[in-house]
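Report on the following structure.
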Amino acid sequence: MKIQELQEKIIKLKKEKDVCILAHAYQSQDIWEVADYVGDSYGLAVQAAKDSHQNIVMCGVRFMAETCKVLSPEKQVVLANPLAACPMAAQMNRQDLIRLKEKYPDYAVVAYINTTADFKRETDMIVTSSSAVKIIKKMSADKILFVPDCHLGTWVQKQVPEKTFKFFNGGCPTHCRMTLDDVKRARKEHPDAEILVHPECLTEVSEQADYVGSTTGIMKYAAESDSKAFVIGTENSIVQHLQFAHPEKRFYPLSKMCVCMNMKATTLMDVYHSVAGDGGEVIDLPETTIEESRAAIDRMVKFGQ
């Protein structure tokens, strides 16, 4: 079966079965083309809550599907590939956070959205890479325990120097594969290109970039910039997506190693089986988990406005 034939089957099925397909920006182009919404983890969850369809297929990783379920508990949410996880979300569990809170009782807990729903229950605030600086500046707390990504946390700290931060030694294994040597090589090979990186990168990488921002921020910057060449320091699927969107410009990966195998686990055939109803995993969460993690997410929405 050809890709286009399978895509046509998926599009036909999702209409028949009242399904909305969500695709994270790191998914492949063939999945993008059948999705109803493409974006970051929080943006997708918000779209799922607004959408009128009663069935959601998440093409991303598990914590994203959980966030969708939290914001849309009345809907059926299916993770297209049950093996698609987030290593960062697995670096700390709820009990780890409880112990850390006992160590720093006077610190407000700010957690990256890349965490499990159960973990979010113990947090004071949830943030995304695009909203973290804005939200933390608005918080009344002067002491911030930022978990689990210390690299994102360090980047935020530099922009909010008036507050005191403590970090957990976590981070994204995919973004941490990019090094200062990669930046030096990119500058040499593409001297006219701007280097755009995600704040999950190592601090030494972020400090040498022309722009640091979320995945959607990187894509927006590349679209609006007058530059004609860019080195992209985030998951390498974004290089291809930008190439499709802006064929008049050139895009290069900062490192060929920046590939998230969990995002790549989901295939177009996984999407087909999930929409057809004989694949994927239905996400079920305890009512307490939904209620308590929803409270933290709602605070993020309020402060992010």
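Taking into account only those residues within region 272-305 that are in contact with a Lys or Arg (Cβ under 6 Å, 6 or more places away or on another chain) and assigned to a helix (DSSP H, G or I), which is nearest to VAL57 (Cα to Cα)? If you could, list the steps in order and put the result at the bottom.
Here is the first cut: in region 272-305, the residues in contact with a Lys or Arg (Cβ under 6 Å, 6 or more places away or on another chain) are 275, 283, 285, 292-293, 296, 303.
Okay, now just the ones that are also assigned to a helix (DSSP H, G or I), so 275, 292-293, 296, 303.
Values: VAL275: 7, GLU292: 24, SER293: 21, ALA296: 24, PHE303: 28 Å.
Residue satisfying both the conditions and the ranking: VAL275.
Residue count for region 188-204, restricted to those that are without any contact (Cβ under 8 Å) to a residue 40 or more places away in the chain, under 12 Å from ILE232 (Cα atoms) and over 17 Å from the mean Cα position of the chain (by Cα): 1. If I filter region 90-110 for residues that are more than 23 Å from THR288 (Cβ to Cβ), open to solvent by less than 20 Å² (accessible area, probe 1.4 Å) and not hydroxyl-bearing (Ser, Thr, Tyr), do I get at least one hit? There is no residue in region 90-110 that is more than 23 Å from THR288 (Cβ to Cβ), open to solvent by less than 20 Å² (accessible area, probe 1.4 Å) and not hydroxyl-bearing (Ser, Thr, Tyr). Filtered by the rule that a residue be in contact (Cβ under 8 Å) with a residue 60 or more places away in the chain and either open to solvent by 20 Å² or more (accessible area, probe 1.4 Å) or under 20 Å from the mean Cα position of the chain (by Cα) (or both), region 157-186 gives LYS166, PHE168, GLY170, GLY171, CYS172, PRO173, THR174, HIS175, ARG177, MET178, THR179, ASP182. When MET269, MET263, MET219 are checked against the criterion of being surrounded by fewer than 19 Cβ atoms within 10 Å (Cβ to Cβ), at pLDDT 95 or above and in a helix (DSSP H, G or I), MET269 stands alone in meeting it. Starting from region 7-30, take each residue that is free of Cβ contacts under 8 Å to residues at least 40 places away in the same chain and list its partners that are open to solvent by less than 30 Å² (accessible area, probe 1.4 Å), counting only C-beta distances under 7 angstrom and pairs at least six apart or across chains. From residues that are free of Cβ contacts under 8 Å to residues at least 40 places away in the same chain, the pairs are ILE11/VAL34; CYS20/ALA48; CYS20/ASP51; CYS20/ILE56; ALA23/ILE31; ALA23/ALA35; ALA23/CYS59.
Name the residues in region 1-22 that are of a type in the set (Lys, Arg) and either open to solvent by less than 60 Å² (accessible area, probe 1.4 Å) or within 20 Å of GLY60 (Cα to Cα) (or both), would you?
Within region 1-22, the subset of a type in the set (Lys, Arg) is 2, 9, 12, 14-15, 17.
Passing the criteria: only LYS14.
Picking from residues in region 249-260 that are in a loop (DSSP other than H, G, I, E, B) and not polar (S, T, N, Q), the one that is most open to solvent (accessible area, probe 1.4 Å) is LYS256. A count restricted to region 69-87 and to residues that are farther than 20 Å from ILE290 by Cβ, of a type in the set (A, V, I, L, M, F, W, C) and crowded, with 23+ Cβ neighbours inside 10 Å stands at 2. Which of the residues spanning region 129-156 are open to solvent by 10 Å² or more (accessible area, probe 1.4 Å) and either under 22 Å from VAL212 (Cα atoms) or assigned to a helix (DSSP H, G or I) (or both)? Answer for region 129-156, where residues must be open to solvent by 10 Å² or more (accessible area, probe 1.4 Å) and either under 22 Å from VAL212 (Cα atoms) or assigned to a helix (DSSP H, G or I) (or both): SER129, SER130, SER131, VAL133, LYS134, LYS137, LYS138, CYS150, HIS151, THR154, TRP155.
Okay, residues lined up against (1) polar (S, T, N, Q); (2) under 24 Å from ASP298 (Cβ atoms):
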position	(1), (2)
SER52	yes, yes
ALA65	no, yes
GLN91	yes, no
LEU100	no, yes
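Run down GLU189, GLU207 and say which single residue is within 30 Å of ALA141 (Cβ to Cβ), charged (D, E, K, R) and surrounded by fewer than 21 Cβ atoms within 10 Å (Cβ to Cβ).
Working: GLU189 fails: within 30 Å of ALA141 (Cβ to Cβ).
Unique residue meeting the criteria: GLU207.
A quick yes/no check of all residues on (1) in contact with an Asp or Glu (Cβ under 9 Å, 6 or more places away or on another chain); (2) not polar (S, T, N, Q):
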| site | (1), (2) |
| --- | --- |
| MET1 | no, yes |
| ILE10 | no, yes |
| ILE21 | yes, yes |
| THR67 | no, no |
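The values are calculated or read from the model by the stated rules, or taken from the named source; none is laboratory data. Small disclaimer: the values here were computed from a predicted structure and weren't measured. Neighbour counts are summed over all protein chains in view; Cβ atoms, including those assigned to glycine, are modelled from backbone coordinates with ideal geometry. When the accessible area is computed, the model is the full protein with side chains, heavy atoms only, and any ligands, DNA or RNA have been set aside. Shrake-Rupley method; radii C 1.70, N 1.55, O 1.52, S 1.80 Å.
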